[in-house]
Amino acid sequence: MSEQPILEIKKASKSFGAVQALIEVDFEVRPGEVMALVGDNGAGKSTLIKGIAGIYAFDKGEIYFEGKRVHIHGPRDAAALGIEVVYQDLALADNLDVVANMFLGRELVQAPWRLDEAAMERATVETLDSLAVTTIQSARQIVAGLSGGQRQAIAVAKAVMWNSKVVILDEPTAALGVAQTRQVLDLVTRLADTGLAVVIISHNLHDIFEVAHRITVLRLGQNVGTYVTAESDQQEIVHAITAGELQFVPGMAQE
């Protein structure tokens, strides 16, 4: 794992009217690392991720990618850098098969008005094989017939197919059973093992401590600490989530 962050956020702030969602938040993730982002509801996790993904523009702050300052004006800019986000709803089309979902909006065209189905299927199978996804019997299965764990695997594989360097997973094990959760956590570990930087957002601290190298805690829109998982425990993280020391007084305007 590299010591240099591939993605670094410095002093990011974001307000929605009178609500300060983020206040001078620092955040980073390194290649080959699983960085967990945790916090109570309303802590600012989603706002931070949407700022990185280009859905929101930060009011203040700087974004550095591979050591260079960048400006992300929309999701296309984030994707061009190699940042992919897998949201909790997965954004899969139930009526399409695995191949069609993997290439949705990025279809390969063989000739005018003709899709290169063979090339897309080959790329899909190669990507699933590279991630050791063995629970999906055929790339031509309709997504509506897949389990929650299989659907999560498809969404992750779709994210890493496009030369991704940073993959952000929003609550990837929510509403999954024990076996499906095990599959997803194994997949997260494999992503980091390939050199990808992985950010995982979760309320499940057991899952976090199983796969994350470090944990960043947000509280009331502020970063109240980044912890090395091997040197911390769940009690310390829960204390940071609920009572972590704040630098700024909530509701007070910052200069």
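Data overview
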read-out: Residues of the stretch 197-226 that turn out to be without any contact (Cβ under 8 Å) to a residue 40 or more places away in the chain and either open to solvent by less than 10 Å² (accessible area, probe 1.4 Å) or within 20 Å of Ala175 (Cα to Cα) (or both), as a count; value: 5
read-out: Boolean, Leu37 is surrounded by 15 or more Cβ atoms within 10 Å (Cβ to Cβ), touching a Lys or Arg at 6+ places or on another chain (Cβ under 7 Å) and part of a loop (DSSP other than H, G, I, E, B); value: no
read-out: Failed item, numbered, when His203 is tested on (1) in a loop (DSSP other than H, G, I, E, B); (2) within 24 Å of Arg106 (Cβ to Cβ); value: (2)
read-out: Set Gln222, Gln183, Gln152, Gln235: member being of a type in the set (S, T, N, Q), touching a strand residue (DSSP E or B) at 6+ places or on another chain (Cβ under 6 Å) and over 16 Å from Met35 (Cα atoms); value: Gln222
read-out: Looking only at the stretch 73-92, and only at residues there that are open to solvent by less than 20 Å² (accessible area, probe 1.4 Å) and in contact with a helix residue (DSSP H, G or I) (Cβ under 7 Å, 6 or more places away or on another chain), the one that is nearest to His203 (Cα to Cα); value: Val86
read-out: Number of the exception - Ala111 against (1) without any contact (Cβ under 8 Å) to a residue 40 or more places away in the chain; (2) buried (at least 20 other Cβ atoms within 10 Å of the Cβ); value: (2)
read-out: Only one of Thr194, Thr229 that is open to solvent by 40 Å² or more (accessible area, probe 1.4 Å) and either within 13 Å of the chain's Cα centre (by Cα) or within 22 Å of Pro5 (Cβ to Cβ) (or both); value: Thr194
read-out: The stretch 144-181, residues that are open to solvent by less than 50 Å² (accessible area, probe 1.4 Å) and farther than 30 Å from Leu48 by Cα; value: Leu146
read-out: All positions within the stretch 93-106 that are surrounded by 15 or more Cβ atoms within 10 Å (Cβ to Cβ) and acidic (Asp, Glu); value: Asp97
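One line per residue, one yes/no per condition, for (1) part of a loop (DSSP other than H, G, I, E, B); (2) not charged (D, E, K, R):
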| position | (1), (2) |
| --- | --- |
| Gly149 | no, yes |
| Gln152 | no, yes |
| Pro172 | yes, yes |
| Arg182 | no, no |
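One line per residue, one yes/no per condition, for (1) closer than 22 Å to Ala123 by Cα; (2) among the charged types (D, E, K, R); (3) modelled with pLDDT of 90 or more:
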| residue | (1), (2), (3) |
| --- | --- |
| Gly148 | no, no, no |
| Gly177 | no, no, no |
| Thr181 | no, no, no |
| Asp193 | yes, yes, yes |
| Asn204 | no, no, yes |
| Val211 | no, no, yes |
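The values are calculated or read from the model by the stated rules, or taken from the named source; none is laboratory data. Every value quoted in this text rests on a predicted model; they were computed, and no experiment measured them. In this analysis, Cβ positions are derived from the backbone assuming ideal geometry, glycine residues included, and neighbour counts consider all displayed protein chains. The accessibility values were calculated without ligands, DNA or RNA, using every heavy atom of the protein model including side chains. Shrake-Rupley method; radii C 1.70, N 1.55, O 1.52, S 1.80 Å.
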